[in-house]
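Engineer: One structure, as C-alpha cells, below. Some questions next.
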Amino acid sequence: MSQPQQETVRNRLLKALKPDDFALLAPALEAVPIALRQTLIESHQTISHAYFIEEGLASVIARTPEGRIEIASVGFEGLIGTSLVLGTQSTPHSVVVQGEGTALRIATPALRAALRESEDLRGVFGRYVQSLFVQAGQTLYANAELTIEGRLARWILMIHDRLRKEEVLITHDFMALMLGVRRSSVTIAVHMLEGAHLIKAKRGRVRVLDREGLMEMAGGTYGVAETEYERLLEEARGGSSHASGTALPGERCGLLHFPAHR
C-alpha cells in the first residue's frame, strides 16, 4: 500500500504539518472507510488508533442519566483520539461516525513515537486539542442559553462546515440524540427554521438555504470556536503560508465553511 502524500491529503491538520513531521506519520497512515454509526473510539476502552478524517463527520458523545448527547464534532479539520496527544490511552467519551466517508488512521504506538520525536508535531496537535476544548465550551454555552431552535441552527452550521455539502442526510431522531432533547421538540424546531426560510427539510435530508440567518439565530455560540481553530492553526504554522499548510480551495477566512456549489 502506497503512503499518502501531503499535497493530496484533505485533512487540515496533516496539511498544516511541516514536511518532516508529516514524514514521521506517513509510513503508518492507513486509508480506511468510515461507515455511518461506526464507533471509532469506545468509552473507557484502550484507544488502538487515532483517525484523521478526510471526508465525513464524527461526534464525540457523552453519556448522561437521560441518554446521550454530543459535546463536539470532528470532520476534515481535526483528529479523533486527542487523549493520545495528552498522554492518556482512554476517555469516558465515545466517538461515533455521523457522516460516512474516509479517514487516515494511525496505530497508537506509531503516533506516540512520532509525538516523542517532534516538538513541532506536539505543538500542532496540542493546539487542535485547545480548539476542541473551546468548541465543547461553546456547546455548553449553547445548551445553557439558547432555545432548541438556536441550538439546532448552530449544530446545522457545524455539520454544514464539516461535510461541505449544501444538503446533508440527517433524521429528526439523530438531531434529537445529538441535542439531547425529545424528537417532538426537534420537529417543532425544524418547522420553525423552515418557516424562517433558513433550511429546507425533507425525508431525512436538510438543505441549508440561509447561513447568515442560521448564524444570527445561533448568536455568539457559533463562530468563536471556528475563529479560534483558524487562529491556532495559523499560529502552529508560525504565521507562514508554506504549501503544505495552505487552505483548501474555496475556503472562507475564519470559518471552516465551503461556499455553496451551484
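Engineer: Of the residues R127, R112, R116, which is open to solvent by 30 Å² or more (accessible area, probe 1.4 Å), free of Cβ contacts under 8 Å to residues at least 24 places away in the same chain, of a type in the set (K, R) and out of contact with any strand residue (DSSP E or B) (no Cβ under 6 Å at 6 or more places or on another chain)? Write out each step before concluding.
Structural biologist: Values: R127 fails: free of Cβ contacts under 8 Å to residues at least 24 places away in the same chain; R112 fails: free of Cβ contacts under 8 Å to residues at least 24 places away in the same chain.
The conditions single out R116.
Engineer: List the pairs whose first member sits in the range 184-211 and is over 18 Å from K165 (Cβ atoms), whose second member is open to solvent by 90 Å² or more (accessible area, probe 1.4 Å) and not β-branched (V, I, T), and whose Cβ atoms are under 8 Å apart, counting only residues at least 6 apart or on separate chains?
Structural biologist: Taking only residues 6 or more apart or on different chains, the pairs are E194/K200; H197/L209.
Engineer: Let me ask something else about it. Among all residue pairs at least 6 apart or on different chains, which show Cβ distances below 9 Å where the first residue, located in the range 145-156, is touching a residue at least 60 places away in the same chain (Cβ under 8 Å) and open to solvent by less than 40 Å² (accessible area, probe 1.4 Å) and the second is in a helix (DSSP H, G or I) and acidic (D, E)?
Structural biologist: Close Cβ pairs (under 9 Å, with a partner that is in a helix (DSSP H, G or I) and acidic (D, E)) amount to A153/E216.
Engineer: Could you list all residues from the range 181-197 that are in contact with an Asp or Glu (Cβ under 7 Å, 6 or more places away or on another chain) and open to solvent by 10 Å² or more (accessible area, probe 1.4 Å)? Quick ask: steps written out before the conclusion?
Structural biologist: Applying the first criterion (in contact with an Asp or Glu (Cβ under 7 Å, 6 or more places away or on another chain)) to the range 181-197 yields 183, 189, 192-193, 197.
Residues satisfying the conditions are R183, M192, H197.
Engineer: Being in contact (Cβ under 8 Å) with a residue 12 or more places away in the chain and either crowded, with 19+ Cβ neighbours inside 10 Å or β-branched (V, I, T) (or both) is the filter; apply it to the range 168-179 and report the residue that is farthest from L36 (Cα to Cα).
Structural biologist: L179
Engineer: For a quick check of your reading of the model, give me the residue pairs whose first member lies in the range 40-60 and is under 19 Å from E30 (Cβ atoms), whose second is among the charged types (D, E, K, R) and in a strand (DSSP E or B), with beta-carbon atoms closer than 8 Å and at least 6 apart or on different chains.
Structural biologist: Cβ pairs passing all conditions: H49/R105; A50/R105; Y51/R105; F52/R105; G56/E100.
Engineer: What are the pairs, 6+ residues apart or on separate chains, where a residue within the range 13-31 that is under 18 Å from H49 (Cα atoms) has its Cβ under 7 Å from a residue that is among the β-branched types (V, I, T) and surrounded by fewer than 19 Cβ atoms within 10 Å (Cβ to Cβ)?
Structural biologist: Every condition considered, the pairs that remain are A31/T102.
Engineer: So V85 clears everything in (1) open to solvent by 10 Å² or more (accessible area, probe 1.4 Å); (2) β-branched (V, I, T); (3) under 15 Å from the mean Cα position of the chain (by Cα) except one condition, right? Which one?
Structural biologist: (3)
Engineer: Out of (1) more than 30 Å from V124 (Cβ to Cβ); (2) open to solvent by 10 Å² or more (accessible area, probe 1.4 Å), the odd one out for K165 is which?
Structural biologist: Condition not satisfied by K165: (1).
The values are calculated or read from the model by the stated rules, or taken from the named source; none is laboratory data. Keep in mind that this is a model prediction, so the values were computed, not measured. Note that each Cβ is placed from the backbone with ideal geometry, even for glycine, and that neighbours are counted across all protein chains shown. The protein model used for the area step is the full one, side chains on, heavy atoms only, and it has no ligands, DNA or RNA in it. Shrake-Rupley method; radii C 1.70, N 1.55, O 1.52, S 1.80 Å.
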